[in-house]
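I have placed the structure first, in the form of structure tokens, so that the comments after it can refer back to it.
The values are calculated or read from the model by the stated rules, or taken from the named source; none is laboratory data. All values derive from a computational prediction rather than experimental measurement. Positions of Cβ are generated from backbone atoms using ideal geometry, with glycine treated the same way; all protein chains shown enter the neighbour counts. Ligands, DNA and RNA are stripped out before the accessible areas are found, and what is left, the full protein with its side chains, is counted by its heavy atoms. Shrake-Rupley method; radii C 1.70, N 1.55, O 1.52, S 1.80 Å.
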Amino acid sequence: MEGQSVIYRNETIVVLNSSNYNYPIFQQEISQGILLILEGRIFGESFESIAAELKSVGADSMDDRLTHYSFNLDGEFFFYKIDTRSNKILVVGDHLNRLPLYFGSDGQQWIVSRQISIAALFMRSKINKVNLAEFMVFDYNLSDRTWFDNLYFLQIDDFIEVDTLRNDLRVKRKPETYDFGNKTVGVITEDLLLNMADIFLQACSVRADEINVLSMSGGMDSRSVAAGLVKNSKALAGVTFENAEKTALYDSIIAEEIADSLGIKWHKVALSRDSFLEDVDSLMNIKMSIQPCRFYYLYQFCAEVQKKFGNDITFFTGDGGDKVFPDLGRNLKFNDDYKLFKFIIRENHEFSVEHASAIVGISSKDLENQIFSYIRSLPAKTSSNKLEQFILRARMKRYIFEGEDRNRNYFWSTTPFLSKRFFSLMMSISPQIKRQELFYFEFISRLNREVAEIRNENFSKGKFQVNKGLYSFIKGLSNQFLSRKSKEHLKSIFKSSSAPSDSARQYVSEIKRMLPANNLLDKKALSGSLSDYSTGQLSLILTYLKVSEFLKRENSEVEYLEEQV
């Protein structure tokens, strides 16, 4: 089990966590027969002090104390409390369950694992066709679903209790959770902006280590982190990738301007398509069925960063900035959930519901009902609040967090935007404030005015910067009227990047090689239309074919697991 270590095992359950490089895992016996394991990092408090706190409350109150305590700690972590006297295991994470975790049962034994590939192989899971089609629509699954039968994902509000003697695993709701609809800050003031800056600066400071590396773009998020670390006088180097398609061309140009302004060292990492197949295989080994193949180049990027700086670094990103600053609810005022369903599909889909269903060979009504049921069940009353919930619980939790976790296979990765205090504050700010044009600019100005005034890559082409409103208007029209392929082509023109067809040829070639051995996807629905697909859509098809190949190739790993547990 490369990259995995066994936390606990018996005839009814196996609990695994990651163990790459100097991956942060700590353990301490806090009472006779009770072991506390921490996976990940906590900021502002030591593991030893937390263990001492739990020890002071006594065995009977430990679970309750730990579940409340975890929600209010800052960090990216899971606690595993193993009680061999009562045959109980408690698995509880940070305020957002930032580290992806999977669990499932083959009917005889449970598995809890940070890696979905290990869990799927262990369980010999079969692919659920409706869930696969859902992934084809969004690039990620909704709720606790995965591609696989009886294999689940731990959601934001939940923790796990296991009775190892009775072979019973239960998912429970945390005693404290977020009420995303409770907006208590309604007026933008200087005090608010200064408080935001102070909390953000503290989040940057406690996360910083001796060697800090920031993934820099030309946008607002990474420049905020750069300004926050520099203002804290932390050592920092910036890195920006330039992929083969040159889609990040202006990221490099503007990121260098930001680095020069702050006086930090900056490095450009040039990526290529030469190792396309090898990079896709790396993705499959690490994030099988969780991330589409089109992110293959980011594994090359992480490997290059690791080669340059080592793995004993803290790798900062701007992840989460695009979730805490905008009005995620978009001021929607739909009067029924079906209109919201149609809006979410239009704004977020890769394949349409009908097309994804045809490719996988299921009823489109079954897929529509599954997606609609999830949207209808979101814990909010208005369409605006439900959209916010969808973006936080689905896109952020199931898509963004998985991408960020990819980095942790090379070095520890973190972001101050999702620190406990900053995220809590930003979730309390009214959408009216967030819709103000200069809100984000004014925040960054409290960190560094010069950096705030540097142009934003999202709306720039060379030295030219378009109006944010015009950019949003064009984006909205393209979502409504253009195919995914046409959207990619329009974006390549704006970014002056290579034509999407250059990348598409690699996907099409590999799909055609693998498709004859496929016995799940509808070959008739695919064979005549590959040239009409966007690279994003081709990526999803190739992802399934690669996962299928991976599972067949790695079946021997299951036998190895069974010998171990």
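What the table below lists for this structure:
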{"read-out": "Those residues of the stretch 44-69 which are in a helix (DSSP H, G or I), of a type in the set (S, T, N, Q) and free of Cβ contacts under 8 Å to residues at least 40 places away in the same chain, in sequence order", "value": "Ser49, Ser56, Ser61"}
{"read-out": "Inter-residue pairs, beta-carbon under 8 Å, first within 19 Å of Tyr140 (Cα to Cα) and in the stretch 333-346, second outside any helix (DSSP H, G or I), 6+ apart", "value": "Leu340/Leu332; Leu340/Phe334; Phe343/Leu332; Phe343/Phe334; Ile345/Ser352"}
{"read-out": "Within the stretch 230-313, helices (runs of 4 or more DSSP H) holding 3 or more residues that are touching a residue at least 40 places away in the same chain (Cβ under 8 Å) and under 21 Å from the mean Cα position of the chain (by Cα)", "value": "276-287, 296-309"}
{"read-out": "1 or more residues more than 22 Å from the chain's Cα centre (by Cα), among the acidic types (Asp, Glu) and farther than 30 Å from Ser373 by Cα: qualifying strands (runs of 3 or more DSSP E) within the stretch 144-197", "value": "158-163"}
{"read-out": "Meets criteria (assigned to a loop (DSSP other than H, G, I, E, B), of a type in the set (Ser, Thr, Tyr) and buried (at least 18 other Cβ atoms within 10 Å of the Cβ)) for Ser224", "value": "no"}
{"read-out": "Pairs where the first residue, in the stretch 509-522, is more than 10 Å from Leu545 (Cα to Cα) and the second is among the β-branched types (Val, Ile, Thr) and part of a helix (DSSP H, G or I), C-beta under 8 Å, 6+ apart", "value": "Asp522/Ile359; Asp522/Val360"}
{"read-out": "Residue selected from the stretch 1-11 under the condition crowded, with 16+ Cβ neighbours inside 10 Å and in contact with a Leu (Cβ under 8 Å, 6 or more places away or on another chain), by the criterion modelled with the highest pLDDT", "value": "Ile7"}
{"read-out": "Residues of the stretch 369-406 satisfying the condition of being crowded, with 18+ Cβ neighbours inside 10 Å and within 15 Å of Lys339 (Cβ to Cβ)", "value": "Ile371, Phe372, Ile375, Leu378, Ser383, Ser384, Asn385, Lys386, Leu387, Phe390"}
{"read-out": "Unmet requirement for Phe77, which otherwise passes all of (1) within 21 Å of Asn407 (Cα to Cα); (2) open to solvent by less than 10 Å² (accessible area, probe 1.4 Å); (3) touching a residue at least 40 places away in the same chain (Cβ under 8 Å); (4) not in a loop (DSSP other than H, G, I, E, B)", "value": "(3)"}
{"read-out": "From the options Val92, Val137, residue that is of a type in the set (Val, Ile, Thr), in contact with a helix residue (DSSP H, G or I) (Cβ under 7 Å, 6 or more places away or on another chain) and under 30 Å from Phe343 (Cβ atoms)", "value": "Val137"}
{"read-out": "Residue in the stretch 141-164 that is among the aliphatic types (A, V, I, L, M) and over 30 Å from Leu542 (Cα atoms) present", "value": "yes"}
{"read-out": "The listed residue being open to solvent by 20 Å² or more (accessible area, probe 1.4 Å) and β-branched (Val, Ile, Thr), out of Val137, Val91, Val130", "value": "Val130"}
{"read-out": "Looking only at the stretch 392-414, and only at residues there that are out of contact with any Phe, Trp or Tyr (no Cβ under 8 Å at 6 or more places or on another chain) and not basic (Lys, Arg), the one that is farthest from Tyr178 (Cα to Cα)", "value": "Asn409"}
{"read-out": "Matching option when the condition is surrounded by 13 or more Cβ atoms within 10 Å (Cβ to Cβ), within 28 Å of Lys342 (Cβ to Cβ) and either in contact with an Asp or Glu (Cβ under 8 Å, 6 or more places away or on another chain) or modelled with pLDDT of 55 or more (or both), among Gln480, Gln537", "value": "Gln537"}
{"read-out": "Tally of residues being part of a loop (DSSP other than H, G, I, E, B), open to solvent by 30 Å² or more (accessible area, probe 1.4 Å) and at negative phi across the stretch 314-332", "value": "2"}
{"read-out": "Positions within the stretch 123-176 being under 20 Å from Arg65 (Cα atoms) and β-branched (Val, Ile, Thr), in sequence order", "value": "Ile156, Ile160, Val162, Val171"}
{"read-out": "Inter-residue pairs, beta-carbon under 9 Å, first on the phi > 0 side of the Ramachandran plot and in the stretch 360-383, second surrounded by fewer than 16 Cβ atoms within 10 Å (Cβ to Cβ), 6+ apart", "value": "Gly361/Leu520; Gly361/Asp522; Gly361/Ala525"}
{"read-out": "Condition met for Ile290 (among the β-branched types (Val, Ile, Thr), open to solvent by less than 40 Å² (accessible area, probe 1.4 Å) and closer than 27 Å to Glu549 by Cβ)", "value": "yes"}
{"read-out": "Any hit, the stretch 240-256, residues being over 21 Å from Phe443 (Cα atoms), buried (at least 20 other Cβ atoms within 10 Å of the Cβ), at pLDDT 95 or above and of a type outside the set (Val, Ile, Thr)", "value": "no"}
{"read-out": "Filtered residue count, the stretch 111-143, keeping only those that are in a loop (DSSP other than H, G, I, E, B) and of a type outside the set (Asp, Glu)", "value": "10"}
{"read-out": "Top-ranked residue of the stretch 506-517 - restricted to ones that are of a type outside the set (Gly, Ala, Ser) and exposed (fewer than 14 other Cβ atoms within 10 Å of the Cβ), ranked as farthest from the chain's Cα centre (by Cα)", "value": "Pro516"}
